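K.L.:
Right, I'll just put the structure down here and ask away after.
The values are calculated or read from the model by the stated rules, or taken from the named source; none is laboratory data. As the structure is a computational prediction, the values presented were derived from the model and not from experiment. Here the Cβ positions follow ideal geometry from the backbone for every residue, glycine too, while neighbour counts run over all protein chains shown.
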Amino acid sequence: MARKPDPDQIKLDDAARAGWLYYIAGNTQDEIARKLGVSRQTAQRLVSLAVSARLIKVRLDHPIGRCIDLARQLRDAYGLDRCEVVPADPASASETLGVAQAAAAELERHLVSPHPVIIGMGTGRMLRDMADQVSPMECPQHKLVSRVGHIAPDGSASQFDVVSRIGERVAAPHYPMPLPVIANTVHEKALLLAQPTLRNVIDLATQADITFVGIGTVDDHAALLRDGFVRPEEVRALMKAGGVGEITGWAYDAKGQLIDGLTNDRVLSVPLDHPARRPVTGVAMALGRLKAVKGAMVGRLINGLVTNERMAEKLLEK
């Protein structure tokens with residue numbers, strides 16, 4: 001008995017075809033309507049669906065003068081080695097739009113190299129969205145390695161396992177870290193890090209030619225708190241100690257200095273170099289992370305940044 005066509009799949013097929021005709025082949029919506037045998041309104045909806053369903057990934061290749069100038073100012077002000085600033089949509093509430101795509105393009109510039117590259121990865125929503133924007137390719141010559149655990153507090157696999165997500169898309173060997181972000185006790189941390197299988201992952205991460213990290217906050221909206229890795233009283237203690245941000249679980253203050261003790265005694269991710277000795281690019285745009293991003297740059301925990309013009313302007317305010 002023949003299977004009935006799946007209406008949702010047919011709709012996605014039509015959307016993909018409409019998106020290709022519009023963005024790749026350069027057809028107008030009237031031309032798409034005629035070629036697909038639908039109304040102009042339907043053609044418009046199909047093109048929109050192609051983008052919203054991520055069937056088509058749109059990137060801006062032409063640099064905008066204002067963004068170039070902001071990137072230059074940020075490099076000069078904070079001594080960054082690399083900086084990319086993309087346009088901001090004032091009406092958008094997204095915390096990743098545009099920046100995730102730009103970070104994916106930056107990552108791809110390393111992935112297309114014929115020479116072997118070790119690429120380190122942090123975690124978080126921004127890097128997850130970046131991973132979803134990476135184009136499929138074959139990169140067996142490279143290695144992707146996580147700097148942070150991908151196990152959620154309940155023992156399940158975290159939705160933010162960025163290394164596996166990208167590794168599967170680009171067919172590259174990848175090395176996730178089978179640990180939670182923060183251990184329950186200092187003794188548990190010592191036991192977990194004593195596992196011989198982890199040594200290769202940690203050593204590989206410290207040799208990364210380029211690392212991409214998300215930048216989190218230390219406040220009532222902290223991802224570590226929301227995802228259950230720390231308790232509210234622990235966040236308050238970090239804030240009292242001057243904490244403003246965290247990278248792969250490591251909390252730091254406004255000068256980029258790691259907080260002594262507290263949750264940092266139990267962090268299981270690869271230690272941060274202070275200052276970063278190898279290329280480390282932070283990826284962030286949400287204004288709520290302003291202090292965290294500034295602290296990471298002041299302390300040289302990162303030496304590269306991908307952000308948007310709205311965040312760039314705030315970072316440059318006196």
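K.L.:
Tell me which strands (runs of 3 or more DSSP E) are completely within segment 241-318 and hold 3 or more residues being among the aromatic types (Phe, Trp, Tyr) and over 26 Å from Pro176 (Cα atoms), or say none if there are none.
P.N.:
Once the strands (runs of 3 or more DSSP E) in segment 241-318 are filtered for at least 3 residues that are among the aromatic types (Phe, Trp, Tyr) and over 26 Å from Pro176 (Cα atoms), nothing remains.
K.L.:
Within segment 159-203, work out how many residues are surrounded by 20 or more Cβ atoms within 10 Å (Cβ to Cβ) and in a loop (DSSP other than H, G, I, E, B).
P.N.:
The number of residues fulfilling the criteria is 7.
K.L.:
A follow-up question, please. Mind checking which residues of segment 298-318 are closer than 8 Å to Gly282 by Cα and in contact with a helix residue (DSSP H, G or I) (Cβ under 7 Å, 6 or more places away or on another chain)?
P.N.:
Listed by number, the residues that qualify are Ile302, Leu305, Val306.
K.L.:
Quick one: Ala102 ticks every box in (1) touching a Phe, Trp or Tyr at 6+ places or on another chain (Cβ under 7 Å); (2) outside any loop (DSSP other than H, G, I, E, B) except a single one, so which number is it?
P.N.:
(1)
K.L.:
Residues in segment 72-79: is at least one in contact with a strand residue (DSSP E or B) (Cβ under 7 Å, 6 or more places away or on another chain), outside any loop (DSSP other than H, G, I, E, B) and among the polar types (S, T, N, Q)? So that I can check it myself, show each step before the final result.
P.N.:
Residues of segment 72-79 in contact with a strand residue (DSSP E or B) (Cβ under 7 Å, 6 or more places away or on another chain): 74-75.
Filter once more, so that each one left must be outside any loop (DSSP other than H, G, I, E, B): 74-75.
Pick out the ones that are also among the polar types (S, T, N, Q) and you get none.
No, because not a single residue in segment 72-79 is in contact with a strand residue (DSSP E or B) (Cβ under 7 Å, 6 or more places away or on another chain), outside any loop (DSSP other than H, G, I, E, B) and among the polar types (S, T, N, Q).
K.L.:
Please specify each residue of segment 204-221 satisfying the condition of being closer than 23 Å to Asp273 by Cβ and assigned to a loop (DSSP other than H, G, I, E, B).
P.N.:
Within segment 204-221, Gln207, Ala208, Asp209, Ile215, Val218 meet the criteria.
K.L.:
If I filter segment 245-270 down to residues being under 19 Å from the mean Cα position of the chain (by Cα) and not hydroxyl-bearing (Ser, Thr, Tyr), which single residue comes out as surrounded by the most Cβ atoms within 10 Å (Cβ to Cβ)?
P.N.:
Glu246
K.L.:
Another question, if that's okay. Could you tell me whether any residue of segment 236-246 is acidic (Asp, Glu) and within 13 Å of Leu301 (Cβ to Cβ)?
P.N.:
The answer is yes, given that some residue of segment 236-246 is acidic (Asp, Glu) and within 13 Å of Leu301 (Cβ to Cβ).
K.L.:
Which members of segment 210-241 meet the condition of being surrounded by fewer than 23 Cβ atoms within 10 Å (Cβ to Cβ), farther than 16 Å from Gly288 by Cα and within 16 Å of the chain's Cα centre (by Cα)?
P.N.:
The answer is Ile210, and nothing else.
K.L.:
Confirm whether Ala88 is assigned to a loop (DSSP other than H, G, I, E, B), modelled with pLDDT under 90 and surrounded by 16 or more Cβ atoms within 10 Å (Cβ to Cβ).
P.N.:
Criteria met by Ala88.
K.L.:
Let me ask something else. Going by the conditions given, is Asp227 within 25 Å of His187 (Cα to Cα) and without any contact (Cβ under 8 Å) to a residue 24 or more places away in the chain?
P.N.:
Judged against the criteria, Asp227 is not a match.
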